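The values are calculated or read from the model by the stated rules, or taken from the named source; none is laboratory data. Just so you know, these numbers come straight off a predicted model, no measurement behind them. With ideal geometry, Cβ positions are generated from the backbone for all residues, glycine too; neighbour counts draw on all protein chains shown. Surface accessibility is based on the protein's heavy atoms, side chains included, excluding ligands, DNA and RNA. Shrake-Rupley method; radii C 1.70, N 1.55, O 1.52, S 1.80 Å.
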Amino acid sequence: MDITALKGIGEKSAGLFNRLGIATTEELLRYYPKDYEQFRAPYLIAEAPVGERTAIRGVITGNMTVKHVRNLNILSFTVQDASGSLQMTYFNMPYLKNSLKKGTFYVFHGLLQRKGNRLVMEQAKTYKPEEYELLADRLLPRYMLTKGLSNNAVTKAVKQAFARQEETADFLPASLMERYRFMARNDAMYQMHYPSDRDILMQARKRLVFDEFFLFILMLRRHRSDNNALPNRYKMIETADTGRLIEALPYQLTNAQLKVWHEIISDLGGDTAMNRLIQGDVGSGKTILSFLALIMCSANGAQGAMMAPTEVLAKQHFEAFLKLKKQYGLRVNPVLLTGSTTAKDRRLIYAQIESGEADVVIGTHALIQEKVNYHKLALVITDEQHRFGVRQREALAEKGFDAHVLVMSATPIPRTLAIILYGDLHISVLDELPAKRLPIKNCVVGTSYRDTAYRFIEKEVNAGRQAYVICPMVEAGEMEELEDVMSYADRLKAILPPSIQVASLHGKMRPAEKNRIMEQFEAHHIDVLVSTTVVEVGINVPNATVMMVENAERFGLAGLHQLRGRVGRGEHQSYCIFISTSENKATMERLKILNESNDGFYISAQDLKLRGPGDLFGIRQSGMLEFELGDVFTDASILQQASDEADEILAKDPDLEAPGHYALKKFLEETDARAVDFRTI
C-alpha cells in the first residue's frame, strides 16, 4: 500500500520518504538499517576505541562554556573518570546547560575522536547510568536519513508497516531451508529491523543475502539464452583499417591488449556470436579495443553501438572516436545520441541510424529507446557494464538480431566471482598497464592529517591541477559520525582561498545538474569537486591529481581502488589520501594494502580475503552489482552457495514445474513483472 496509509505520514512526510526511494510499505520494509546502535558496557576513557561509536561513564567537571560562531551555538565541557578526560561538544543545543549538572555522573554515547592531543565527542547522546543499564546489550536500528526525517520517524513507520503486513508463504524449497537451517523470510525481515541479538541478526542477514543472490542468479540463468549456442549471423574478417590504426597509434598496445584484441577478432569471425566481458583497471586500454571492434564492424558493412552510463562519458567516447577518425582518415560515420540531444538533431540521427548511413552509434540509454531502429546492428558494446541492469544490456542487444555482445568493466573482481556473476560471458582480463603510466602515490592517515591535506590540495590547485574529495554521505543527518558532501563543501569554501572554486556533486541531483557539474569540472571551471562515489565512473579528467577519501575505513578496498582510478590519468604525478576516523590497528593495516599496490586484481583478491561476515556496515558502494544487502566480497561464500543451489534446481527442473518449486516460480513471476532490473528483488 501507499506509505501515506500509515498513521502520521502525510503529504510532506511522504515526500521525505520518497527522497529515500520509499513510496510503498513494501519498499519501507526492504529499507534495511545501515547500522545499529549497540549499547555495550561503558569503557574507561583511556581504553575507549577511538574512531568508533562507544559509551563512556564520567562526571562533568569544570564550567560549561557557550560560544557563538556565526549561526552556531557551541556548548562544551569536560568529562572525567579515573583514567582520564575528554571534551564534550554540542552544536545548537544550549538547553543542555540547564539539564546537565556539574559534578554528576552520566553515560555519554557517541563517536569518539582524537583532535590533536585531545579526545572529543560531538553531539553524544546523554543518559543517566540507570537509564543506560536498561538499554544494555540492545541493538537499535540506524537508518540512512534525509534532512527533515528522523531515525525515530522511520522506526515508527516500519513498526506500523509490519503490523499491517500479511503473512506470506516462503518461496525457498523446504529441502533448501532445512539444509541451511534458514529462518523464515518474514522473520528474517523483521529481525533485520529489530534484532533480538547479534547472532539472530547475522542469521537474518544471511537468509536475505542468500535470497538476493539466489533470485538474481535464477533470473539471470532463465532469462538469458546461452549465447555460445547462437550462430554468428554477422561473420567478420579483419580488414586493413584496424591493422593500419594499430601501427599508426603513438603508443604500442600492451601484450594484454593484443591478446584480448585477437580474442575479439576470433569471436567476430567465429561460428557463434561473441559474448565477451573485458575486465581491466582504469587506464588498462579497454576503450581503444572497443573502438577497434567498432571500426572492424563498420569495415564489414555493419553497424556497431556503444552505450555508456553517463552523458559526460558518452560524449568523451564520441569525441575521442571522432578525433581518431579525423587523425587517421578512418572511413566511419559516428553519431552521438543522448538524453539531451535536441528533438531536431534526434530526428536526423534516427534517420541516419535507420538508413545505415550512421555505422557507429555512441550514446546513453537513449540508444535503447523504442524509436531507435537500426539498419544492421551487428555489435553492441556496454561500457562500465556494472552500471547497467541485465535488462538494459539485453534491450540494446535485442535491437540487433543475435548481435555480438562486448561488455567492459573497470571493476576487477576475482575470477571465481566473475564466473558466477557473468557465467554466460567469456572473460578477458587486461592485467597490464601502459609502461609510461606514473604510479599513484598513496597515504593512509588519521583525521589529524586533514589540515596538511588541505594545504596540499591548495598547492596542487595553485600549480594548475584539480582535486576530488569523496564523502560517504550526501547531507548532514544521514549518519551523524560520517562526513557529508554538503557540509564538507561549505567547510572547504571557508578554509581554502576564495580564488579556488569548490563545487559539490551527489546522486540526489537531477541528471542535467550532475552533467553540468561534471562538464564544468572537466573544463576546469571547478578546482575541487566534493562528491559521493558517483564520480567512480563517468568522468575522465587527466588534470585531476588529488583524490582524498573521507571515512575510508567504511569502504571496501576494491571500492577505494575504483575511486583512486579517477586520478593518475594524465602526465602529472597523482596522489591519493585515504583518511580514516578509526585508529583500530586491523583497520589501518587493511587500508595500508592500498599503499602496497595499484593493481586492482591484487587488491580485490585481498578484499575478498580480509572482509568477512563481521564487516556488515560499510558504505554501500555504487560500484558493481548493487544488491540491497549482499556484497560480493563480504558474502562471497553465500554467493557460491546460492549459485550452486540455483544451478542444481535448474538442471533438474528448468521450468520450475515440480510441486516444491511452485511458490518459487510464482515469486519469480511476480518479481519479474514489477522489476525494473534484476537487482530490484
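Do you know which residues across segment 450-477 are buried (at least 16 other Cβ atoms within 10 Å of the Cβ), closer than 22 Å to Lys592 by Cα and not small (Gly, Ala, Ser)?
Arg450, Tyr454, Phe456, Ile457, Tyr468, Val469, Ile470, Cys471, Pro472
Which numbered condition in (1) among the charged types (D, E, K, R); (2) open to solvent by less than 80 Å² (accessible area, probe 1.4 Å); (3) at pLDDT 90 or above; (4) closer than 24 Å to Arg554 by Cβ is the only one that Asp81 fails?
Here Asp81 meets the rest and fails (4).
In segment 107-116, what residues are under 14 Å from Ser85 (Cβ atoms) and open to solvent by less than 20 Å² (accessible area, probe 1.4 Å)?
Phe108, Leu112, listed by residue number.
Give segment 573-586 a look and list any residue that's touching a residue at least 40 places away in the same chain (Cβ under 8 Å) and either farther than 13 Å from Cys471 by Cα or open to solvent by less than 10 Å² (accessible area, probe 1.4 Å) (or both), or say none.
Gln573, Ser574, Tyr575, Cys576, Ile577, Phe578, Ile579, Ser580, Ser582, Glu583, Asn584, listed by residue number.
Test Ala46 against the stated conditions and say whether it is of a type outside the set (Phe, Trp, Tyr), outside any strand (DSSP E or B), open to solvent by 40 Å² or more (accessible area, probe 1.4 Å) and under 25 Å from Gly116 (Cβ atoms).
For Ala46, the condition - of a type outside the set (Phe, Trp, Tyr), outside any strand (DSSP E or B), open to solvent by 40 Å² or more (accessible area, probe 1.4 Å) and under 25 Å from Gly116 (Cβ atoms) - is met.
Please state which one of Leu28, Leu119 is open to solvent by less than 60 Å² (accessible area, probe 1.4 Å), within 30 Å of Thr4 (Cα to Cα) and either touching a residue at least 60 places away in the same chain (Cβ under 8 Å) or within 33 Å of the chain's Cα centre (by Cα) (or both).
Among Leu28, Leu119, only Leu28 is open to solvent by less than 60 Å² (accessible area, probe 1.4 Å), within 30 Å of Thr4 (Cα to Cα) and either touching a residue at least 60 places away in the same chain (Cβ under 8 Å) or within 33 Å of the chain's Cα centre (by Cα) (or both).
Just a yes or no: is a residue in segment 518-534 closer than 21 Å to Val632 by Cα, open to solvent by 40 Å² or more (accessible area, probe 1.4 Å), assigned to a helix (DSSP H, G or I) and hydroxyl-bearing (Ser, Thr, Tyr)?
Taking every residue of segment 518-534 in turn, none turns out to be closer than 21 Å to Val632 by Cα, open to solvent by 40 Å² or more (accessible area, probe 1.4 Å), assigned to a helix (DSSP H, G or I) and hydroxyl-bearing (Ser, Thr, Tyr).
For the condition touching a helix residue (DSSP H, G or I) at 6+ places or on another chain (Cβ under 8 Å), touching a residue at least 12 places away in the same chain (Cβ under 8 Å) and either open to solvent by less than 10 Å² (accessible area, probe 1.4 Å) or at positive phi (or both), what is the one hit in Ile288, Ile278, Ile265?
Answer to the selection: Ile278.
What number of residues in segment 282-307 are touching a strand residue (DSSP E or B) at 6+ places or on another chain (Cβ under 7 Å) and over 12 Å from Leu253 (Cα atoms)?
Here the count works out to 11.
Might you let me know whether segment 11-24 holds any residue that is in a loop (DSSP other than H, G, I, E, B), under 24 Å from the mean Cα position of the chain (by Cα) and on the phi > 0 side of the Ramachandran plot?
Within segment 11-24, one or more residues are in a loop (DSSP other than H, G, I, E, B), under 24 Å from the mean Cα position of the chain (by Cα) and on the phi > 0 side of the Ramachandran plot.
Looking at segment 76-102 only, could you name the residues that are over 36 Å from the mean Cα position of the chain (by Cα) and over 20 Å from Ala55 (Cβ atoms)?
Pro94, Tyr95, Lys97, Asn98, Lys102
Would you call Tyr127 open to solvent by 20 Å² or more (accessible area, probe 1.4 Å), in contact (Cβ under 8 Å) with a residue 60 or more places away in the chain and among the hydroxyl-bearing types (Ser, Thr, Tyr)? Give the derivation first.
Working: open to solvent by 20 Å² or more (accessible area, probe 1.4 Å): yes; in contact (Cβ under 8 Å) with a residue 60 or more places away in the chain: no; among the hydroxyl-bearing types (Ser, Thr, Tyr): yes.
In short, no.
If the requirement is being among the charged types (D, E, K, R) and surrounded by 15 or more Cβ atoms within 10 Å (Cβ to Cβ), which of these qualifies: Glu357, Glu319, Glu311?
Glu311
From the set of residues in segment 141-179 that are among the aromatic types (Phe, Trp, Tyr) and within 15 Å of Ile22 (Cβ to Cβ), which is farthest from the chain's Cα centre (by Cα)?
Phe162
Going by the conditions given, is Ser487 out of contact with any strand residue (DSSP E or B) (no Cβ under 8 Å at 6 or more places or on another chain), open to solvent by 40 Å² or more (accessible area, probe 1.4 Å) and assigned to a helix (DSSP H, G or I)?
Against the criterion (out of contact with any strand residue (DSSP E or B) (no Cβ under 8 Å at 6 or more places or on another chain), open to solvent by 40 Å² or more (accessible area, probe 1.4 Å) and assigned to a helix (DSSP H, G or I)), Ser487 qualifies.
Please go through (1) open to solvent by 10 Å² or more (accessible area, probe 1.4 Å); (2) closer than 30 Å to Gly565 by Cα for Ile381 and return the number of the only condition it doesn't satisfy.
For Ile381, the failing item is (1).
Only residues that are open to solvent by less than 10 Å² (accessible area, probe 1.4 Å), within 18 Å of Val485 (Cβ to Cβ) and not polar (S, T, N, Q): list them for segment 542-558, please.
Of everything in segment 542-558, those that are open to solvent by less than 10 Å² (accessible area, probe 1.4 Å), within 18 Å of Val485 (Cβ to Cβ) and not polar (S, T, N, Q) turn out to be Ala544, Val546, Met547, Met548, Val549, Glu550, Ala552, Phe555.
Here are some conditions: (1) in contact with a strand residue (DSSP E or B) (Cβ under 9 Å, 6 or more places away or on another chain); (2) in contact (Cβ under 8 Å) with a residue 40 or more places away in the chain; (3) under 24 Å from Ser150 (Cβ atoms). Val50 meets all but one. Which one does it not meet?
(3)
Looking only at segment 251-261, decide whether some residue is among the aliphatic types (A, V, I, L, M), free of Cβ contacts under 8 Å to residues at least 24 places away in the same chain, over 23 Å from Val332 (Cα atoms) and assigned to a helix (DSSP H, G or I).
no
Can you pull out the helices (runs of 4 or more DSSP H) entirely within segment 151-225 that have at least 2 residues that are touching a Pro at 6+ places or on another chain (Cβ under 9 Å) and within 14 Å of Tyr32 (Cβ to Cβ)? Reasoning before the result, please.
Working: elements: 151-164, 174-180, 185-193, 198-223.
Answer list for segment 151-225: 151-164, 185-193, 198-223.
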